[in-house]
Amino acid sequence: MIKIAIFASGTGSNTKKVIEYFGNSPMAKVELVVSNKPSAGVLQIAKDWHIDTLIIEREQFYNGDHYINVLKEKIDFIVLAGFLWKIPSALIDAFPRKIINIHPALLPKYGGKNMFGNNVHEAVIASGDEVSGITIHYIDEHYDQGDIIFQAYTNVVRGESAAMLAKKIHALEHEHYPKVIESIVKQSFE
Ligand code: GRF
């Protein structure tokens, strides 16, 4: 059984979908939810599913290695779902090609520091782009620059608000992220 850790700091709607999807999988399961925010909604979702949680502090995340050893013992693959801190090289080195992220726009556009949540959708709308979407990609040392695994698209309708666009993007994320994780995890351990 391949063990997945989800790193998330928000409400956790993607985390919930991923946990549900792997609920009956013979191949993989969500073993751990990691967050930097003790008040994050995602932690309640983990508790509801009796999944272990780990709260990580900034100092430990960037300068410690104890948590990396714990992760290496406990899990095989890392999925980011709304985790805003940049991933340190030590963690990338410990899980080479085994950390993926989902971004709510079509990278390489609209990526980088501070490009999260509504900032992204507002930038897409302000640009006049007629298409947006989601990008699932590997993590490397730079924000939102790792190799792209998968993209899906949605039209940006004239006059649409960032909130409306966010809703469509979330629907795309929920539809695709669990399936893409499944295929990448499968490939990574074949
Ligand atoms: C998603 O939109 C994802 O693209 C981004 O963070 C958001 C997390 O949303 N990386 P949720 O907490 O899963 O609802």
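Quick grid of which residues meet (1) surrounded by 14 or more Cβ atoms within 10 Å (Cβ to Cβ); (2) under 23 Å from GLU175 (Cα atoms):
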site	(1), (2)
GLU20	yes, yes
ASN24	no, yes
LYS29	yes, yes
VAL33	yes, yes
LYS37	yes, no
ILE51	yes, yes
LEU54	yes, no
GLU57	no, no
ASN63	no, no
Subject >> Residue that is nearest to TYR67 (Cα to Cα) [pool: residues in the range 114-130 that are touching a residue at least 40 places away in the same chain (Cβ under 8 Å) and within 12 Å of the ligand (Cβ to nearest atom)] >> reply: GLY117
Subject >> Candidate set from the range 146-173 (those that are surrounded by 15 or more Cβ atoms within 10 Å (Cβ to Cβ) and part of a helix (DSSP H, G or I)); member that is nearest to the chain's Cα centre (by Cα) >> reply: GLU173
**OP:** Residue by residue through the range 23-47, note down the ones that are within 15 Å of the ligand (Cβ to nearest atom) and not hydroxyl-bearing (Ser, Thr, Tyr).
**Re:** VAL30, VAL33, VAL34, ASN36, LYS37, ALA40, GLY41, VAL42, LEU43, GLN44, ILE45, ALA46
Original post:
Can you find a residue in the range 98-113 that is within 11 Å of the ligand (Cβ to nearest atom) and modelled with pLDDT under 95?
Top reply: yes
Original post:
Can you tell me which residues in the range 65-90 are out of contact with any Gly (no Cβ under 8 Å at 6 or more places or on another chain), small (Gly, Ala, Ser) and either surrounded by 13 or more Cβ atoms within 10 Å (Cβ to Cβ) or at positive phi (or both)?
Top reply: ALA90
Subject >> Scope the range 118-145; condition more than 13 Å from the chain's Cα centre (by Cα) and outside any helix (DSSP H, G or I); matching residues >> reply: GLY128, ASP129, GLU130, VAL131, SER132, GLY133, ASP140, GLU141, HIS142, GLN145
Original post:
Can you spot a residue in the range 95-117 that is in a helix (DSSP H, G or I) and not hydrophobic (A, V, I, L, M, F, W, C)?
Top reply: yes
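The values are calculated or read from the model by the stated rules, or taken from the named source; none is laboratory data. Predicted model, so just to flag it, every value in this text is computed and none were measured. Counting neighbours? That spans all protein chains shown, and the Cβs are built from the backbone with ideal geometry, glycine included.
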